[in-house]
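A.B. asks: First, the structure itself, so that you have it in front of you.
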Amino acid sequence: MKTESSYSQFVEQVKSFRVQRVIIKPEGIEYFLKPEYGSEQFFTQSSSLGDSFFELLKSHGVQYDAPANNTGTLETLLGLTISAGALIGTLFALRKFSDVGGGGLGVGMGMGKVKVNSRRKTGITFADVAGVDEAKQELQEVVDFLANSEKYSQIGAKIPKGILLVGPPGTGKTLMAKAVAGEAGVPFLSMSGSEFVEIYVGVGASRVRDLFARAKQQAPCIVFIDELDAIGKARGNNPNLGNDEREQTLNQLLTEMDGFSGNDGVIVIAATNRPEILDAALRRPGRFDRQVLLDRPDKSGRFDILKVHSASVALGEDVDLDVVANQTFGFSGADLANLVNEAALLAARENRQVVLMKNFHDAFERVVAGLEKRSRVPSTLERQIVAYHEVGHALVGALATGGSKVSKISIVPRGAGALGYTLQMPEEDRYLMLEDELQDRLATLLGGRAAEEIVFGKVSTGASDDIQKATDLAEKAVTHYGMSSTLGPIAYARTTSRFLDEESPRRAMSEEVAGEIDRQVRQKIERAYQSALDILRNNRDLLEETTAILLKQEVLDGEQLAAILAQVKVSR
Ligand code: ADP
Ligand code: MG
Ligand code: ZN
């Protein structure tokens, strides 16, 4: 009576609301259609049962069960909601296990209430993590806290307890957390945010409790929470499914973090590639108040990472990792590890004793093809546009009065969206901005777009963020700071709160005044854009030279950048 079906058929049936009930078994999924469709019973091999799987079931009103069966580890699971959660946890664990490929894990898998990956020694040290020296330096301190916590307690210093690792996927966040534990020689307890959030309300919270109970027993140790955003999303943002559960889990995490001190020897490291969506409560002092950035590596970083990963690979004499580093612009650490491995696989397939440069070239093409699908590696033209754009900001910024001078430009893709970036010295510390400065600030913001127009005769979509910022600033100047000749010092924006920097709605006003505000804003922007164009036209050679250097080096900072910026000529 059980008919075999494919997984995609199953999904389709669920989506068309025909499925009544699902039984999840280690060997696959059994499901029953609703009586009106004949109550037929099907069986399908499950491919993966991630969060989205359960979301799918929930959103289509499907009941599901995960009964006890004969595999032994899964006994006595019926009845207790927590245990049912643990079964799903176990299914995840089995799947994860194959991903990990060796290494001890799974203590308490299927036995306790909760699965925690805990290993005595990670065996990973800072030497395994390359190209992220700044992050290493910051985390060196954490290693010292763990290794010598008495030293700090004695003198009465409070050890920080929560560290947030932030960076795009594959930049070594997980690796780094393990390395910290390895360096300090302490146990590493890890869980992923998506594993906390379970199908039954209350399970996630009890897992958090469990995790911290274990951590306290094993202190000094590292607790690592991967994908923190899965539980730590700002509350109240999403009125959809599972919100209660996530909120409970998050609250429990906050409670646990408040309930111990770093001096107890437990340090929590969390990782996310979406820090911007995290609940603000997570960042409060005493929680994840330290943030360490792991970014995509620049050229020399890529070289170091390639060295680490090819250390155990037999390289042919013709292999020049410097050339490979040069070529792999935009690659993350994981991409580079993947590249080295692909090259080794190709060499082995050709029955070679060593990996040749040719294998690297072939591997490169493969890996890039994969990356391009995810559209992460910019094309040559895109790189050029980005380089001119960033140099444009920097050169215009060099002449700005009261200036926040540009201290670094980079075309290494950063974070989620940005293709390149220009780093300006602190803006936060300024409490007052003069009208001239504001006008210069506007010009700097528009310098990127101005460079694109001058060089390419057209503009890209890459400047949208700059334009947004410039428009906001110009509007504020007119409606907030009274910096307009025709409108005078009248605040056209309502003050909302002195402490929160909220969007301020405009005061009720006549259409005439509203029109004048828009005209004034436009005038300010146009003037600023014109002055950016003037500066860049006046310094066209410098624009070209600097861009060429930036394209070659990918990063420009320090004295080299300062020397360039000192050459910018004032208009006329
Ligand atoms: P993330 O957690 O940031 O997504 P991972 O730590 O899981 O990244 O990295 C995946 C793999 O990529 C690592 O196991 C390692 O092999 C490689 N890798 C990533 N970053 C680095 C790095 N900076 N140095 C050496 N290897 C790295
Ligand atoms: Mg990771
Ligand atoms: Zn820009």
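A short reminder: the numbers here are calculations on the coordinates, not readings from a lab. This is a predicted model, so every value here is computed, not measured. Using ideal geometry, Cβ is built from the backbone for each residue, glycine included, and neighbour counts are taken over all protein chains shown.
A.B. asks: Please report 64, 388 as a ranked list, fewest other C-beta atoms within 10 angstrom at the top and most at the bottom.
C.D. replies: In increasing order of surrounding Cβ atoms, one gets 64, 388.
A.B. asks: At q = 0.17, 0.19, 0.20 Å⁻¹, what base-10 log of I(q)/I(0) does the Debye formula yield for the range 216-362 when every alpha carbon is treated as an equal point scatterer in vacuo?
C.D. replies: -0.90, -1.01, -1.08
A.B. asks: Treat the count of other C-beta atoms within 10 Å as a stand-in for reagent exposure and order 517, 385 from fewest to most. Don't skip to the answer; put the middle values down first.
C.D. replies: Numbers: 517 20, 385 25.
The fewest-first ordering by Cβ neighbours comes to 517, 385.
A.B. asks: Then there is this: So if each residue of separation counts as 0.36 nm, and I subtract the Cα-Cα distance between residue 58 and residue 37, what length gain in nm does that give?
C.D. replies: Stretched fully, the residue 58-residue 37 segment lengthens by 5.6 nm.
A.B. asks: Sticking with this structure for a sec: Mind listing P(r) for the range 154-232? All alpha-carbon pairs, 10 Å bins, whole percents.
C.D. replies: 16, 44, 32, 7, 0
A.B. asks: Same structure, new question: Taking a temperature of 37 °C and a viscosity of 0.692 mPa s, what whole-number D in µm²/s does Stokes-Einstein yield for the range 260-341 with Rh from Kirkwood over alpha carbon pairs? The partial results should precede the final answer.
C.D. replies: Values: Rh = 15.6 Å.
Result for D is 210 µm²/s.
A.B. asks: With the calculation restricted to Cα positions, what are the radius of gyration and Dmax of the range 289-402 in angstrom?
C.D. replies: Values for the range 289-402 (Cα only, Rg and Dmax): 17.6, 64 Å.
A.B. asks: Taking Cα atoms of the range 245-303, Rg/Rh with Kirkwood Rh, to two decimals? All intermediate terms of the calculation are to be shown ahead of the outcome.
C.D. replies: Working: Rg = 14.8 Å, Rh = 13.6 Å.
Value, to two decimals: 1.09.
A.B. asks: Next question. Please list 217-226, 276-285 highest first by mean number of surrounding beta-carbon atoms within 10 Å per residue.
C.D. replies: The peptides rank, most packed first, as 217-226, 276-285.
A.B. asks: Amide H neighbours of residue 355 under 5 Å, counting only residues 5+ apart in sequence or on other chains, H built in-plane at 1.01 Å?
C.D. replies: 314, 315, 316
A.B. asks: Can you tell me the FRET efficiency between residue 469 and residue 152 if r is taken as the Cβ-Cβ distance and R0 is 41 Å, rounded to the nearest 0.05?
C.D. replies: It comes to 0.50.
A.B. asks: Under the 0.36 nm per residue contour assumption, what length would be gained going from the current alpha-carbon distance of residue 437 and residue 9 to full extension?
C.D. replies: This chain segment gains 147.8 nm when fully extended.
A.B. asks: Next up: If amide hydrogens are placed 1.01 Å from N in the peptide plane, which non-local residues have theirs closer than 5 Å to the one on residue 269?
C.D. replies: 163, 223, 224, 225
A.B. asks: Could I ask something else about it? Given q = 0.27, 0.30, 0.31, 0.32 Å⁻¹, what are the Debye log10 I(q)/I(0) values for the range 148-191, with equal point scatterers placed on the Cα positions and solvent ignored?
C.D. replies: Log10 of I(q)/I(0), two decimals: -1.06, -1.12, -1.14, -1.15.
A.B. asks: Taking the mean number of other Cβ atoms within 10 Å as a proxy for protection, how do you rank 144-155, 205-216, 179-190 from highest to lowest? Can you show the working numbers first?
C.D. replies: Values: 144-155: 14.4, 205-216: 20.5, 179-190: 23.2.
In descending order of packing, they fall as 179-190, 205-216, 144-155.
A.B. asks: At a Förster radius of 25 Å, what calculated FRET efficiency corresponds to the Cβ-Cβ distance of residue 351 and residue 318, to the nearest 0.05?
C.D. replies: 0.90
A.B. asks: Could I ask something else about it? Run the quick spin-label model on residue 209 and residue 559: label points 7 Å from Cα toward the beta carbon, then report their separation in nm to one decimal.
C.D. replies: Between residue 209 and residue 559, the simple spin-label model gives 6.1 nm.
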